[in-house]
Amino acid sequence: MIVKMSKVEIAGLKELLEDTLDLLRDMGLFHIETETMGFIEKAEEEYIETFSLDQKALSKKLLLEDLRLRIDELFSYLPAVPTRKSYIEPEDVVEILRGLVSRHIKYCEGLKNKKELLQKEASELSRYKVFMEAIEPLIGTLEKTEEIDFTGLTIKDPESIPHIRRLLFRLTDGRYELFTNRASDGTLAGVIVTERAFSETLRKALSEERIPEISLPASLEGLAFSERLKWIKDRIEEISKEMSSADDELLKFTMRWRPLYERVREWIDDRLSLMRATARVFETRLCFIIYGWIPAEAVPVLEMKLKERFSGAVTLVEKEMYEEDLERVPVMLKNPPYFEPFELMVRILPLPRYTSFDPTPFIGIFFPIFFGMILGDSGYGMLLLGLSVFLIKRFRSKKTIKDIGKILLVCSIYSVFFGILYGEFFGELGHELFGMETLCVERRTAVIPMLYFALTVGASHVMIGLFLGFIGGLKRRAKKEALARLIDIFLILSIILAVSAFCGIVPERFTTPILSLVLILTPLLLLTGGLLAPLELMKSIGNIISYARIMAIGLTSVLLAFVANRLAGMTGNIIAGAVVAGLLHLLNIILGVFSPAIHSMRLHYVEFFSKFIEPGGRRFEPFKK
């Protein structure tokens, strides 16, 4: 339902503004209005202006915003680990932290940079390690001398080796050795052994041919080739210890300081929230004034709290609601526990106006019924019932999934109920296994009766929507619109009776009075609804015909279940039959969840709500933490 709102004014001494806003925020039920329209008379406007912070308060706000940004910067360097909760009074340590935060940022930034450099060095050494492990078995104990030089290569394409050999032969007159081996990372590692005199020419040629050369770190230059791999492994291990040490330092810092900074950040957010709220407050020479909206039932509670805290220095006045105010009243939806999960399906719609209806109860009543009518299988319903219970228990802390589970629970109960009426349990399996009989109608054969049933449901649903539109028109004092909705109802009833008489369902003697009533009501419809009213009437009739999808989709479901059971019987093998039937029934259940849900929602959003819901409501946004 749409909660009844009260239009209120809160006024008091300026020095009590922050405490008053603090109280309103703690309650979390007051929507602060940013304009005076509808709250004051035009003659009073010259005495009331927007509240402005003094120089001292403005300086404090800027300091707090700067500290908040610096705390966020500090947190960007800290690991996301659970920490204890600090109970230190933030106001007592704000000034201390303002002096410390820059040093702490510099310290954490240094640790981060150190770790990044170590990671970069470890990555490079790991690449060298892979290369060295690959070529070590090839060159054995050969060492670089003044006459001999080594050039390392990474060969991307093994087919390029002949080309490399031709190039080396041409540059060195055949005085070279090329060793290759597959590295542990899958690449082909190579090393060229040549006279030092050819080294520079060789490297230049390899670069021009885009053959990647492995340049070992300068720190390896003074080591014998056999010692280099050991040095690399030792350095990688040393780097790992240095990184662990940096992580430990950062973790120790985090555990010590983060709780305090988090506590101060929360306090700063509270203070800034109050300061920003002052931009929506008005003032006179001596007093502050807050205009806004609050649920009517909460007015006495707020009035009592203001008296207790300020002893009459801050007062609340409930102002008269005018007709023009109804366009500006913020909308808050509140429903009983049964209907509350269905608000999930209402959130995707535009918010209804304050003078309109909350769609939630209507979805809560009719959506599960339509879902059950379409799925209509006791076996499927029981499986969905188990799934819904699992979702509710498994995801207790996740409200959206829990609400989906609750909606599915109600829908599955209706599916079981209609399954009993149709005599369906995994199709006709219930009848074959334990003699389950149809109590109402067998959907697989009674197509026309099911069509009549679906259209009857559609006519009833649409006319309920039109009647609610009639009531809504009366509430808004739109008498012509209300009367047009009422005439639509009588015309639809007349057309249904006329068609029934034509089909022989209603005696023919009623045909003349029915047609006479249609002729009388049609001009009245034009007078009340305008020239487009007949088109709206035809649209409503088309909406009713749309409910035939209840029969059509339900028939598809029961036929697929029937096919699943027949194919299982045709396999001639119990295991194969169970697998075939299980897969087809699983597919049918998946389709049986999505199809009824989608089409039931469409019948509400398009065919039903268009008759009485007025979109364009303003969301209730209370001032709260």
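Laid out as a table, the results:
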| quantity | calculated |
| --- | --- |
| Entirely in the range 284-383, the helices (runs of 4 or more DSSP H) that have 1 or more residues that are in contact with a Ser or Thr (Cβ under 9 Å, 6 or more places away or on another chain) and within 20 Å of His31 (Cα to Cα) | 299-310 |
| Residue pairs meeting the criteria (Cβ under 8 Å; at least 6 apart or on separate chains; first more than 24 Å from Ala454 (Cα to Cα), in the range 375-396; second basic (Lys, Arg)) | Ser388/Lys406; Leu391/Lys402; Ile392/Lys402; Ile392/Lys406; Phe395/Lys402; Arg396/Lys402 |
| Leading residue by the ranking (farthest from the chain's Cα centre (by Cα)) among those in the range 9-37 that are assigned to a strand (DSSP E or B) and either closer than 26 Å to Glu343 by Cβ or of a type in the set (Phe, Trp, Tyr) (or both) | Ile32 |
| Any hit, the range 595-612, residues being in contact (Cβ under 8 Å) with a residue 24 or more places away in the chain, surrounded by 21 or more Cβ atoms within 10 Å (Cβ to Cβ), out of contact with any Cys (no Cβ under 7 Å at 6 or more places or on another chain) and of a type in the set (Asp, Glu) | yes |
| The listed residue being within 23 Å of Leu584 (Cα to Cα) and under 25 Å from the mean Cα position of the chain (by Cα), out of Ser388, Ser378, Ser415, Ser397 | Ser388 |
| Conditions (1) buried (at least 18 other Cβ atoms within 10 Å of the Cβ); (2) touching a Lys or Arg at 6+ places or on another chain (Cβ under 9 Å): number failed by Leu272 | (1) |
| Some residue of the range 439-456 being surrounded by 19 or more Cβ atoms within 10 Å (Cβ to Cβ), outside any loop (DSSP other than H, G, I, E, B), in the same structural domain as His604 (by TED's automatic domain parsing) and touching a residue at least 24 places away in the same chain (Cβ under 8 Å) | no |
| Tally of residues being free of Cβ contacts under 8 Å to residues at least 12 places away in the same chain and within 27 Å of Thr36 (Cα to Cα) across the range 236-284 | 1 |
| Residue within the range 259-270 that is part of a helix (DSSP H, G or I) and over 17 Å from Ser86 (Cα atoms) present | no |
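Residue-wise test of (1) in contact with a Ser or Thr (Cβ under 7 Å, 6 or more places away or on another chain); (2) aromatic (Phe, Trp, Tyr); (3) modelled with pLDDT of 85 or more.
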{"site": "Met5", "(1), (2), (3)": "no, no, yes"}
{"site": "Thr20", "(1), (2), (3)": "no, no, yes"}
{"site": "Thr34", "(1), (2), (3)": "no, no, no"}
{"site": "Tyr77", "(1), (2), (3)": "no, yes, yes"}
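Every residue, every condition in (1) more than 21 Å from Gly376 (Cβ to Cβ); (2) buried (at least 16 other Cβ atoms within 10 Å of the Cβ), yes or no:
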| site | (1), (2) |
| --- | --- |
| Leu524 | yes, yes |
| Gly530 | yes, no |
| Leu537 | yes, yes |
| Ser546 | no, yes |
| Ile550 | no, yes |
| Gly554 | no, yes |
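Yes/no per residue for (1) within 15 Å of Gly372 (Cβ to Cβ); (2) part of a helix (DSSP H, G or I):
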{"position": "Val389", "(1), (2)": "no, yes"}
{"position": "Ser397", "(1), (2)": "no, no"}
{"position": "Ile401", "(1), (2)": "no, yes"}
{"position": "Lys406", "(1), (2)": "no, yes"}
{"position": "Ile413", "(1), (2)": "yes, yes"}
{"position": "Val416", "(1), (2)": "yes, yes"}
{"position": "Leu421", "(1), (2)": "yes, yes"}
{"position": "Glu424", "(1), (2)": "yes, no"}
{"position": "Gly427", "(1), (2)": "no, no"}
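The values are calculated or read from the model by the stated rules, or taken from the named source; none is laboratory data. Please read these numbers as outputs of a predicted model, since none were measured by experiment. Note: ideal-geometry Cβ built from the backbone for every residue, glycine included; neighbour counts use all protein chains shown.
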